[in-house]
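Take a look at the structure set out below.
The values are calculated or read from the model by the stated rules, or taken from the named source; none is laboratory data. From a predicted model like this one, the values you see are computed outputs, not experimental measurements. Virtual Cβ from ideal backbone geometry, glycine too; neighbours counted across all protein chains shown.
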Amino acid sequence: MIAGTSTTRGEARPAAQLARQLALQAWAPPVGCMELILTEACNLGCGYCFEYGADHHKSMSAETASAAIDLLMDASRDSTWVAVTFMGGEPMLMFDLIRDVVDYAGREARRHGKTISFDMQTNGVLIREEHARFFRDHGVRYCLSLDGARLTNDRHRRTLGGSGTFQIVAAKLKMLKRHQHWQGARMTVMPDDAARLGENVRALHEELAINQFVIGFATHVAWSDAQIADYAAGLMDAFEYFLEQRVFRRSRRIRIGLFELGQLDAAFVAGRRGAWGCGAGSGRLAVAPDGSLHGCSKLAWGASGGSAAAALPPEGLRPVGNLPHDGLRQVGNLPHGGSAAAPLPLGTVETGFSRPENRLKLLDHSEGPRTKCHACELASHCNGGCHAASLADTGNMYVPADYFCKLMFAQKQACDHARRRLAELGVPSLRWGADVPDLTDHTQRAEQFHAGVE
Ligand code: SF4
Ligand code: SF4
């Protein structure tokens, strides 16, 4: 129990406890990863965020957080490793709760013979040196939400007063790197900045010393075909920069997951695919501030406070396709959004998985319901889209919108380009830990490289 809380799961009503226990039965995989949405509130007013301006923000209580950790210990069953991710809104608004959860979850993990890891997605603005020191000392890794260089970042990521946030975060980077040497950025690529993706990766690496890039295109916004082509070209630019750093400069200070993780390897090209779906609601779970359970944080947004009336799309954004609820929702790779109800609630931290019919939908990894994917030439390379984005766009969790599929093709185009370039250079893989041949003074290949860039 987190200090100061007054109830524990053991004091829950017997019927609720029974339902919870039944719902944790072994028909589903163990849950090892839990996103804790500590608050819907944020210290910023990003233009692309539907939460901005709404007055319905809820935050998680210590009791709920404590019950969520208890659930994780149970639902992870025999797994010897569990992971907790702090999410928001802006989770740093709840630093005191983060500190208490780290303490409590650490003790509970030890008691259950599990190792535990913590991470956090944050805009970074509120992290002071004492926070950074705490994160370092307690092994809490964080990833910064940064969209790119100042021009791109500040177009959407702004303070409540409307100023850009790039410089605020940039001014902290030196201090942050003293405590967490390896810094990652989650980049949300908006249609109007897709063409600048490569230069944005370069700027974040060279100006802010960001090491790792998680690149995701914005969903539930309108993408024109020209912007989708920009996205493919922007990814190729980002790859060329990555190649320059990793191969020609032999740098071990940069990673871009899209060009690692085996996507470029022979087995992938040969069409060996995993199961459909993304793992939301299977091995992963999100807990909303009110204690309700969801497949992932994007499926949870709005679960406990969104207001349909507040959710008018900001200028430049418009909803795509049919919406599942009466409110507009912003899901996928955008920071957060609000709606009257989450589409697939799984239960609560007290009752456990008391909505097994919804969990079964998330656990369906078969091709059957993914009708649009049956005849798709990308079927061997794609997991069938994002349930949250598809629900928002088409109202059917298994049927992605056309723009989404076109963006997946754009990603494949960039990966094909990357594969060709590596083949030309005789580099087998850029997977982390893979042996990258030393081409630093291989003049002919360096010339080929520069010919490809220019
Ligand atoms: S691109 Fe679209 S239709 Fe094709 S496999 Fe992926 S989600 Fe399915
Ligand atoms: S792909 Fe979509 S549904 Fe799956 S975890 Fe990511 S945001 Fe959630």
Go through region 112-134 and give me each residue that's farther than 23 Å from His57 by Cβ, touching a residue at least 24 places away in the same chain (Cβ under 8 Å) and out of contact with any helix residue (DSSP H, G or I) (no Cβ under 7 Å at 6 or more places or on another chain). Gly113, Lys114, Ser117
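This table checks each residue for (1) at pLDDT below 95; (2) in contact with a Leu (Cβ under 7 Å, 6 or more places away or on another chain); (3) within 11 Å of Gly32 (Cα to Cα); (4) surrounded by fewer than 23 Cβ atoms within 10 Å (Cβ to Cβ).
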| position | (1), (2), (3), (4) |
| --- | --- |
| Ala54 | yes, no, no, yes |
| His57 | yes, no, no, yes |
| Ala62 | no, yes, no, yes |
| Ala65 | no, yes, no, no |
| Ala68 | no, yes, no, no |
| Asp78 | yes, no, yes, yes |
| Val82 | no, yes, yes, no |
| Val102 | no, no, no, yes |
| Arg107 | no, no, no, yes |
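Every residue, every condition in (1) outside any strand (DSSP E or B); (2) farther than 30 Å from Val201 by Cβ, yes or no:
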site: Met73; (1), (2): yes, yes
site: Arg99; (1), (2): yes, yes
site: Phe118; (1), (2): no, no
site: Phe135; (1), (2): yes, no
Residue by residue through region 394-436, note down the ones that are outside any helix (DSSP H, G or I) and touching a Gly at 6+ places or on another chain (Cβ under 6 Å). Pro400, Ala401
Being part of a loop (DSSP other than H, G, I, E, B), of a type outside the set (D, E, K, R) and over 26 Å from Leu391 (Cα atoms) is the requirement here; does Trp182 meet it? yes
Take the residues in region 389-410 that are farther than 18 Å from Met190 by Cβ and buried (at least 23 other Cβ atoms within 10 Å of the Cβ), then tell me which one is farthest from ligand 1 (Cβ to nearest atom). Leu391
Filter pass, Asp225 being touching a residue at least 40 places away in the same chain (Cβ under 8 Å), charged (D, E, K, R) and buried (at least 18 other Cβ atoms within 10 Å of the Cβ): no
With Arg155, Arg141 as the choices, which residue is surrounded by fewer than 22 Cβ atoms within 10 Å (Cβ to Cβ), at negative phi and assigned to a strand (DSSP E or B)? Arg141
Within region 377-409, count every residue that is under 16 Å from Leu258 (Cα atoms), free of Cβ contacts under 8 Å to residues at least 60 places away in the same chain and within 11 Å of ligand 2 (Cβ to nearest atom). 1
Scanning region 3-47 residue by residue, the ones that are at pLDDT 80 or above, of a type in the set (A, V, I, L, M, F, W, C), assigned to a loop (DSSP other than H, G, I, E, B) and under 21 Å from Phe86 (Cβ atoms) total 5
Given the conditions (1) modelled with pLDDT under 95; (2) surrounded by 20 or more Cβ atoms within 10 Å (Cβ to Cβ); (3) not in a loop (DSSP other than H, G, I, E, B), report the number of the one that Gln444 does not fulfil. (2)
If I go through region 160-175 residue by residue, how many of them are under 21 Å from the mean Cα position of the chain (by Cα) and not in a loop (DSSP other than H, G, I, E, B)? 2
Scope region 375-384; condition closer than 14 Å to Lys412 by Cβ and either within 7 Å of ligand 1 (Cβ to nearest atom) or basic (Lys, Arg) (or both); matching residues: Cys376, Leu378, Ala379, Cys382
The conditions are (1) within 12 Å of ligand 1 (Cβ to nearest atom); (2) more than 21 Å from the chain's Cα centre (by Cα), and Glu424 fails exactly one of them. Which is it? (1)
Within region 356-374, of all residues that are touching a residue at least 60 places away in the same chain (Cβ under 8 Å) and assigned to a loop (DSSP other than H, G, I, E, B), the one surrounded by the most Cβ atoms within 10 Å (Cβ to Cβ) is Arg370
Residues being touching a residue at least 24 places away in the same chain (Cβ under 8 Å) and exposed (fewer than 15 other Cβ atoms within 10 Å of the Cβ): count how many of those fall in region 162-177. 2
Pairs please, first residue from region 413-433 and under 23 Å from Asp230 (Cβ atoms), second anywhere and assigned to a loop (DSSP other than H, G, I, E, B) and among the acidic types (Asp, Glu), Cβ atoms under 9 Å, 6+ apart in sequence or on different chains. Arg419/Asp265
